[in-house]
Structures are given as C-alpha cells and as structure tokens.
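Trainee: Before we start, here is the structure in question, set down as structure tokens.
Since every read-out is calculated from the coordinates, none of them should be taken as a lab result. Because the structure is a prediction, the values reported are computed rather than measured. Cβ placement follows ideal geometry from the backbone for every residue including glycine, while neighbour counts extend to all protein chains displayed.
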Amino acid sequence: MNGSAWLGHWLGYRDVSQIESWKPSFGGAWAHAAPAAVVAALLAAVALAVYYYVRLQKVPAPSARWTLAALRGLTLAALLLVLADPILEVTLVRFPEPVLWVGLDASDSMGIADELSDEVRDPLDRVTGMASDGGSISTIPSRADYVRAFLATQDGAWLKALRQRFRVNLFAVSGDAGVAALTSDNDDGKPQDDLARWIPSGSVTALGDNLEELSRRQLGSSLAGLVLFSDFDQNSGISPQDVVARLGAPVFTVGIGPESAVDLGVDLLVPPTMKQAESSTLSVTVRQRELDQTPVTLRVWAEPLGVADAPRIPVGEKSLTLTGPTATADLSFTPTTTGRFVFVAEVEAVPGETVTQNNQSRRDVRIIDDFLRLLYIEYEPTWEWRFVKEVFHRDKLVGMRGFRTFLRSADPIVRETNELFVSNLTLPRHEFFEADVIFLGDLPASALSTRFGEMTREFVDQFGGGLVVLAGPRFGPGQLAESPLAEMLPVVVDPAGRRRDDRPFALQLTSLSSQFDFMQLGDPQAGQASMQPWTNLGKLPWYQPVLRVDPRATVLAEHPTDLCSDGASKQPLIAIRPYGRGEVVYLGFNELWRLRRLHGEEYYRQFWGQLIHRLGLSHALGDQKRFVVRTDRRQYRSGDEVVITVEAYDEDFQPLNDAKLSDHQLRGEWLRPVPDDQGDRSETLAISQLRPGVFETRVSVQDDGEHRLRVTDPVTQSPVEIAVSVADLSIERRNPVRNVSLQESLATETGGRSYDLTTVQNFLKDFQPPRPRETTVEVIPLWNTWLTFVVVIGMMIAEWGLRKVVNLP
C-alpha cells in the first residue's frame, strides 16, 4: 500500500489513487485573515521567553538558561498555534466504482403465470436454474418467480458480479408505492434477503412516475446506468419516454413475459341510465391476439344489484368470426323493471389463454321510471324558451311531467292554473330542491331575490344540481353581479356590460370542446367533423361581453376576435365550471335555436339532450336527493376498505342532525355473500355523523362476490339498498404480453440495450463504463490531536522539572 492509499484508507476511503495537493492553513478567523500576524506572534512569544530567562531569572548554568528559554518559548508558541487552529487541506483524487441501479417491477402483472410453449420455457428454465434437476416443475412459475430464480441462482452470482464492479442499489418500483429501496450497496447481503422484500402487488404500472422519482434521487450522484426488470405494461401516470432522459444515464431494459400470446378481450359500452320501457343500444367490442378466423360466442346479460339469487336477464347472444384486431356488435335492450343493474358481456376463454379476466366486461346501469325535473326561469317567452320546451316535452327522460317554467311576464292567473308554470320563483324548499337542472334566462336583478340566489347556490353546491345561465339581449348577465349567483358563474360579469351587436360573427370552438360530449354534434362514427354542425348556426347577430373568464372554468366556444378586458383571452360564448358537487354552464347568447336551420331538431336536440344528461344524471333524481347512500367505489378487491357515506336531509331538505336520531347515529346492515364461522351473513353498522347532513363509516371486505348495504331512511322509515362487488379487478392482469415497443424505446433513447432473462448475462460484457474521477478535499486538524496534547504537556513538565533541578521556584 503506497502513501496515498494509506492516507486515503486512514481517512475512510478505499479507492484513493493519488494526493493532488497539500495546503497548510489556519482555521481561526483572525489567523486565516492575517497569517503574518501568527508568525509575528510566534516570534514574540519566543523572544519573551528568552528575555524572561536571560534577563529576569538567575540561572547559573548558561545551558540550563537557554534550555528553559527554549522550552517556555515553544510552549507559548504551541498555545498560540492552538488558538490559530492550524489545519492541513489535502486534495485526494479518487476513482470509485460507478453507481448502478437495479429496478424490479413490483406491479401485480409480474405475478402472472404465463402459458409458455416448450420452445420458450426451456431456455428460461435453464438460465434461471428452475429445471436444474432435469425434471419438470409442478406448477407454472410467475414472471416474478423467474426473476427471483435468475437473481438468486448460483448463490446470486450475477448480482455478486455486478457488485464487484459497481455500487449497486436495488429498488422495487410500483405505481402504488413508488420507489422502495431493497438494499443499498450491501456486498455481504444475501440475494434471497433482498428479494424477499420485493412483493409484486401494485395495482398499476407507472414507469414514468417511477423514473421521474429516480431522477430526483440521482441528483448529485454519479449514476452510471439503470437496469430495469419489467414487463413494461405501462397503464398509469406520465409517459416514460417523456422523463427517461432526465436520468442522464443509459437504461438497460430486461423484458419479462411473452412477446405474443393468445388473448381475447371484451369492452362494453352502455348508457349510464336507461328508462324503463324505452329501447337502448349496447355496444360490445371484442379484441383478439393470435386468433384470426376463430369463431367465438358473445353473450350479454344483466344482473339486478342488491337482489339475492335473482336470475340473469338475457340481453342477447351473437356468434362472431374474428377477422381482425377487433369485432363489434350492437345489441338492443328494453328494460322492463327499474333499479340498479350490472350489465355483463362475456366471451368464453380459448385454449392457451393466460389472462382470462379481460374476457368479461361489467358496467353498472341505473334503470329508472322517474324523470328529470327541469326548471326554466325566464322573463318572457323567447325563441330559445319555446324550442327548449318542445325538445324536452318529447324527451323520454323529461316528458310533460318533467318540464316546469317560471315566466315573470306571465299572467298570475296562468301561473296559478297552468301546470306547466310554477306560481312563484321562491318555491318551498321541498319543491325547489326536487329540481335536477335549472335554466336561468334573461331577467333583471329586481326579479331575483336573495333567497332564490342562496337556494340556487345550495342546490348546485350541496345537492349536485346543474345550472345553465343563458345571457339574453334585454338585461344581460351583468344583472347577476350583485347576487349570490355571481360567484358561481364560469365568467366574471360586467355590471355595466351591454350587448355587442355592431357586427355579426361566427362562433369559434376551442380545442377543449372535444372533451365534452354535448359539444360534439353530429355522428362522429360517420366521419362528420365536430365543427360542421356548428356552422349551421350561421353568423350570430350579438352576444353579451364579460370582464374575464374565471380561472376554474373551461371555455368551449369563444368569439373569433373580441377580447376580454384583461386582453389575454377571447370573449367566452360557452363555458363550464364545477361548483361544489354540481356544474354551471354559461352561454353568452340565447340563439342556439338557430341550430334548427336546415337540419330541424337534430343538432339542437342533441346539444340540449346531452347537456342535461351530464348535469342532471350525475346525482339522485327528484326527492331521492334527500336521502342518498353511496360508497366511494362500486367495485373492490379483497382486503379493501369500503367508505360508506350517507347524505341525509329532513322533509324540508334541511341537513339531518344526529340529535334527531336515536343513539345519535344512523343504523345500517351489511350483507356478505358468504356466512361467517357462526353462519351469519349480516353485520350491523353504526354510521356516525361527520357533519350536519353527512354520515360516514368504513367496513373492510374480504369475500369475493356481491356485498349489499341497507340503510333505513329515518324520515320515511323505508330502506335504501345498494350493492358493491368484490373481485380481482386488477388492470395489471388485463394485458398478457410484454410491451416490447416501450422496452426497446427506453433502451435505445438513452443509449442502453434491451435484453430478456436469457441474454441479460451479456450486460457485464456490454457495459463497461469508466470509473468516475472524483476530487475530495479533506481538512485535517493539527491541534486537537493526542500528539499535540502530549507535546505541550511534555514541554511544560520538562520546564517544571528543569526549574526544580536548578533550584528555581
């Protein structure tokens, strides 16, 4: 061991190659600022000691006199050096092992046991040692089993070889838990101990999120590369290609799982709400891999939720011959009963399928015999009011019973006698909150009471109602500026605003409008551009300007040229924003009836029909909003916790308080699909008040199947029942093949290479990065050492002893 290596080892470094420089200095501020003062002080101390013994002390022997002077001078000089804090700055040059990260995919798809052919399985068994005894394995190993076997084979020889050349950090990466360290550069650790902490159970694969987290961890470290074991089934989070470059190091991907597999998948598209006795269309898409020209049978049925031992309701059955990646089938269904149902589309598994979970698709549907309740408030009849009334009178979810209106200009006798009208704008609470969507037209501020504004705000915020504000040419939205409605709007209105009708204009859709179905008019499957039906409006003669757009709003249509007062955005013509549990839609004009030009009601009916479906069917209808039982999800996996929430109001839609309840709690009953050890299937639940009107509890579910919850409404004493499903719903097990394209892309874009378990042994030969050069400055203190202590004390004792010899006091 040379001097540099010895000094580096003494300082705690094993890989010091040379000492680049030595530099003595002082740590004390005064000494560091003026080193010459330290030298002068040392000389002064020595001179003072000589003067003391030569002039002031009577020492007969000259040799003793000068020895004592030297001892005293050196002692004073040493004490001065202690005050100056002498240090030695040593610059060391190191070439440490490069850092290598090894990431193991901890998502649930790594637990898939693939059906592999002998041609594919035999090389895997040999390289992992899983068939080293020459026999066959009794159970099909999972993808994670193969990785564990490879890393642990021959007592972890591959990992040990890595650790001889790299500082290895082993991680588990999961979309749920993020990046978790399994070990950190532990040369003495056993691979089995590290791998025992790797449990592939994550519900999603989010490699982009994991790479971004790793890139933040790598700041300040000399990362040489990343080896990633995964099936690369990215199904959540940001794209890995967008963040992988931030690592600043090559990525070596090791693909797990087959590159191709026999697979069938089903997607079911159904309306979220159906009307009893009205026909609806269900669309089913069958996806396939490696099954061209294979005949399959598609079956669709419905099952009532919350009804024990209820028979299936057949929807239809079709035989399909798979001639491409997808095949579609449309089925018509007319419900005969109401309630909550789950619609199921299924194709039977074919031989060789590894993943069969995606052979079935389930969708919850509510079938109602109820109707949407719309309240249209207007000052006087307008063309928009007339045509909206006609549309919804013929709508199967609204009808004659569902559309009511208040016209300020209407004769009071008409409002009292005609069932189409409501007599008063400020209805009793129990009538007002039964509405599902409120249309607010062109009214003066004097017609809108504070009570109406506050009830409307509560209607949207607390009960999830929908509000549509249509700006008219007579009064304009500025009339709402001083009302409680102003803060709910997607726009900030101008109290002094006046309609602009100086030049006609063509409405312009924004790019975000494509995300809202009510803005997509026409038939997209027919290749009709979404803007084409909107040209049917022609040029609009006027609109109502606003000050600016609320930052929480989404603008769907805007003026082609006119800007808001901030000068940064165009004047909004159609905008939407969430408010509490509901949504508010703003239209800067009431000329949508012009959509009827040339095409009749087609586009006009489509716009308003899809809009009220969005606003009105997102919550319970009518009086059902008074007592709502819901869970945070409809489907769970075994071991999940169900969050049960009950929103309860009294007859007047006032929040129900626990003081009005016996035991100050709501009581519920949880029905399990499987009896417990005592044979009981039911469990009593106490649902405590979270805040006035809201009650909450939690229950853990274990058994697969349908669980039911029944809660009694304390006002009507009628039970409300909902059902939840517990099953293996992992999205991770819907795709049976490895994403080879993503695997190779991550490697090539970063300068790495792509492997599988049979070729990853070549990694050590392929990747030989140079050791990084690191310069380390070590500060070695020279005074706070045992050597300094011994020297100073030794000189003091020597001076004291010599003084005694020469008889000095």
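Trainee: Taking the Cα centre of the chain as the origin, how large is its charge dipole in debye, to the nearest 20, when only Lys and Arg (+1) and Asp and Glu (-1) carry charge on their Cβ atoms?
Mentor: For the chain, the charge dipole is close to 3400 debye.
Trainee: So if I place +1 on the C-beta of Lys and Arg and -1 on the C-beta of Asp and Glu, and nothing else carries charge, what would the dipole magnitude of segment 406-563 be about its Cα centre? I want it in debye, nearest 20.
Mentor: Dipole about the Cα centre, nearest 20: 500 debye.
Trainee: Residue by residue through segment 534-551, which ³J(HN,Hα) values in whole Hz follow from phi under the Karplus form 6.51 cos²θ - 1.76 cosθ + 1.60 (θ = phi - 60°), with glycine and proline marked x?
Mentor: The phi angles translate into 5, 5, 5, 5, x, 8, 7, x, 6, 7, 9, x, 10, 6, 6, 8, 5, x Hz.
Trainee: Find the centroid of the Cα atoms in segment 456-513 and in segment 306-340, then give the distance between the two in whole Å.
Mentor: So the two Cα centres are separated by 43 Å.
Trainee: For a quick check: with amide H placed at 1.01 Å from N, whose amide H comes under 5 Å from residue 360's, ignoring anything fewer than 5 positions away on the same chain?
Mentor: Result for residue 360 returns 266.
Trainee: Something else about it: Residue 364 versus residue 727, label points 7 Å from Cα toward the beta carbon: distance in nm?
Mentor: 1.4 nm
Trainee: Which whole-Hz ³J(HN,Hα) couplings does segment 109-114 yield from phi under the Karplus relation 6.51 cos²θ - 1.76 cosθ + 1.60, θ = phi - 60°, glycine and proline marked x?
Mentor: Values, residue by residue: 5, 6, x, 5, 9, 7 Hz.
Trainee: Taking the Cα centre of segment 733-806 as origin and charging only Cβ (+1 Lys, Arg; -1 Asp, Glu), how large is the dipole, in debye to the nearest 20?
Mentor: 220 debye
Trainee: Going by amide H atoms built from the backbone, whose H comes under 5 Å of the H on residue 688, apart from near neighbours?
Mentor: Amide H neighbours of residue 688, under 5 Å, 5+ apart: 696.
Trainee: How would you rank 675-681, 596-602, highest first, on the average number of other Cβ atoms within 10 Å across their residues?
Mentor: 596-602, 675-681
Trainee: While we're here: Count the DSSP beta bridges whose two residues both fall in the chain, then state the antiparallel fraction as a percent rounded to the nearest 5.
Mentor: Counting only bridges with both partners in the chain, antiparallel ones make up about 70 percent.
Trainee: Specify which labelled value, from (i) 74, 42, 29; (ii) 42, 38, 23; (iii) 97, 40, 21, agrees with semi-axes √(5λ) of the Cα gyration tensor in Å derived from the coordinates of the model shown.
Mentor: Read-out from the structure maps to (i).
Trainee: Tabulate in residue order the Karplus-calculated ³J(HN,Hα) for segment 250-262, using 6.51 cos²θ - 1.76 cosθ + 1.60 with θ = phi - 60°, rounded to whole Hz; enter x for Gly and Pro.
Mentor: Once θ is set to phi - 60°, the couplings for segment 250-262 become x, 10, 10, 9, 10, x, 10, x, x, 7, 8, 7, 6 Hz.
Trainee: Follow-up. Using amide H atoms built 1.01 Å from N in the peptide plane, name the residues 5+ places from residue 373, or on other chains, whose amide H lies under 5 Å from its own.
Mentor: Correct list: 436, 437, 622.
Trainee: Which of the peptides 352-362, 249-259, 692-702 is most tightly packed, and how do the rest follow, going by the mean number of other Cβ atoms within 10 Å of each residue?
Mentor: Going by the mean number of other Cβ atoms within 10 Å, highest first, we get 249-259, 352-362, 692-702.
Trainee: In degrees between 0 and 90, to the nearest 10, how far off the longest principal axis of the chain does helix 602-616 point, with axes built from Cα atoms?
Mentor: It works out to around 60 degrees.
Trainee: Give me the angle, in degrees from 0 to 90, between the Cα long axis of helix 786-805 and the longest principal axis of the Cα atoms of the chain, rounded to the nearest 10.
Mentor: The two axes meet at around 30 degrees.
Trainee: Checking the a/c ratio against 1.5 first, then a/b against b/c, what shape does the Cα gyration tensor give for segment 661-809?
Mentor: oblate
Trainee: How do the peptides 466-476, 494-504, 402-412 rank, highest first, by the average count of neighbouring beta carbon atoms within 10 Å per residue?
Mentor: Averaged packing, sorted descending, gives the order 466-476, 402-412, 494-504.
Trainee: OK, next. Can you tell me which lysines have their Cα less than 30 Å from the Cα of residue 318? Leave out same-chain residues fewer than eight positions away.
Mentor: Residue 318 reaches 275, 396.
Trainee: Using alpha carbons only, how many degrees (0 to 90, rounded to 10) separate the axis of helix 207-217 from the longest principal axis of the chain?
Mentor: The answer is roughly 30 degrees.
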